[in-house]
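**Student:** The structure that follows is given in the form of structure tokens.
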Amino acid sequence: MNKIDKNKQKKREALFDAAFHLFTSKGTHKTSISDIVDNAGVAKGTFYLYFKDKYDIRNKLIAHKSSEIFRKADFALRQTNICLLEEKVIFIIDNIINQFVTDKTLLEFISKNLSWGVFKNILLEAGGDDEVDFYDIYHSVFEGAGKFRNPEVMVFMMIELVGAVCYSAILYSEPVGIEELKPYLFRAVQDIMTAHRTVEPTVSDSAQIGDCL
């Protein structure tokens, strides 16, 4: 990355940091573009080089923050020898939950703003700049794991379930704390995957799984 690209990335990061601080402290509706650029220390014209309006930066900020979360979870998974699909998914979910426990502000921001439509756009637009390609993670996790009926529906259900459970259990300990709730959540995720599976792993896939255990 040359000096010009580094400078662009630095300004973009400054805008993201400013927007995140303002959106989580004042709220999106009460935050103006002027607030964001003043907080970031850049000119208003610079803002429009990267974003259309404050809702565009909000959506891209969701992608950016979600990308960081998935990147950390995926990196942690790659440091393990886990091969079974259910164990991979549970590991990733557990890692993400623990990140939310550590950063409750991030949990609130993503839970309030991450609709399914926004998430689909994240999937379509990810892979550019420094964002994680969520499809790459999906395929790396589900490769050799058989086939699933309506995988988009399956992923949607898991995201909605985990998001709702995390929000209530982490922030309010309702109906119980997140650690007590995790076993029930993980079993529910496994049940969703089982209900959507149409083809079991092949013999060669199972052999590959056995080789890495």
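**Student:** Confirm whether residue 90 is assigned to a helix (DSSP H, G or I), touching a Phe, Trp or Tyr at 6+ places or on another chain (Cβ under 8 Å) and β-branched (Val, Ile, Thr).
**Tutor:** yes
**Student:** If I filter segment 4-30 down to residues being within 24 Å of the chain's Cα centre (by Cα) and polar (S, T, N, Q), which single residue comes out as farthest from residue 60 (Cα to Cα)?
**Tutor:** 25
**Student:** Picking from 137, 97, which residue would you name as being closer than 17 Å to residue 189 by Cβ and either in a loop (DSSP other than H, G, I, E, B) or at pLDDT 80 or above (or both)?
**Tutor:** Working: 137 fails: either in a loop (DSSP other than H, G, I, E, B) or at pLDDT 80 or above (or both).
None of the other options fit; the residue is 97.
**Student:** Being in a helix (DSSP H, G or I) and touching a helix residue (DSSP H, G or I) at 6+ places or on another chain (Cβ under 7 Å) narrows it down to one residue among 10, 72; which is it?
**Tutor:** Among 10, 72, only 72 is in a helix (DSSP H, G or I) and touching a helix residue (DSSP H, G or I) at 6+ places or on another chain (Cβ under 7 Å).
**Student:** Counting only residues that are without any contact (Cβ under 8 Å) to a residue 24 or more places away in the chain and among the β-branched types (Val, Ile, Thr), which one in segment 25-79 is surrounded by the most Cβ atoms within 10 Å (Cβ to Cβ)?
**Tutor:** 36
**Student:** Still on this structure, please answer the following. Here's a check for you: in segment 147-162, which residue that is loosely packed, with under 15 Cβ neighbours inside 10 Å and in contact with a strand residue (DSSP E or B) (Cβ under 7 Å, 6 or more places away or on another chain) is modelled with the lowest pLDDT?
**Tutor:** Step by step, filter segment 147-162, then rank; the result is 147.
**Student:** Here's another thing I want to ask about it. Checking the structure you have, find out if any residue of segment 204-212 is assigned to a helix (DSSP H, G or I), β-branched (Val, Ile, Thr) and either out of contact with any Leu (no Cβ under 9 Å at 6 or more places or on another chain) or modelled with pLDDT of 85 or more (or both).
**Tutor:** no
**Student:** Looking for something modelled with pLDDT of 60 or more, aliphatic (A, V, I, L, M) and closer than 17 Å to residue 67 by Cβ - is there at least one such residue anywhere in segment 121-131?
**Tutor:** Checked segment 121-131: no residue is modelled with pLDDT of 60 or more, aliphatic (A, V, I, L, M) and closer than 17 Å to residue 67 by Cβ.
Condition check ((1) in contact with a Pro (Cβ under 7 Å, 6 or more places away or on another chain); (2) over 30 Å from residue 193 (Cα atoms); (3) at pLDDT below 90) across all residues:
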site: 19; (1), (2), (3): no, yes, no
site: 22; (1), (2), (3): no, yes, no
site: 49; (1), (2), (3): no, yes, no
site: 55; (1), (2), (3): no, yes, no
site: 86; (1), (2), (3): no, no, yes
site: 93; (1), (2), (3): no, no, no
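**Student:** Collect the residues in segment 100-119 that are surrounded by 14 or more Cβ atoms within 10 Å (Cβ to Cβ) and at pLDDT below 65, keeping them in residue-number order.
**Tutor:** 114, 118, 119, listed by residue number.
The values are calculated or read from the model by the stated rules, or taken from the named source; none is laboratory data. What you are looking at is a predicted structure, and each value in this text was computed from that prediction instead of being measured. Don't worry about glycine lacking a Cβ; one is built from the backbone with ideal geometry, like all the others, and counts go over all protein chains shown.
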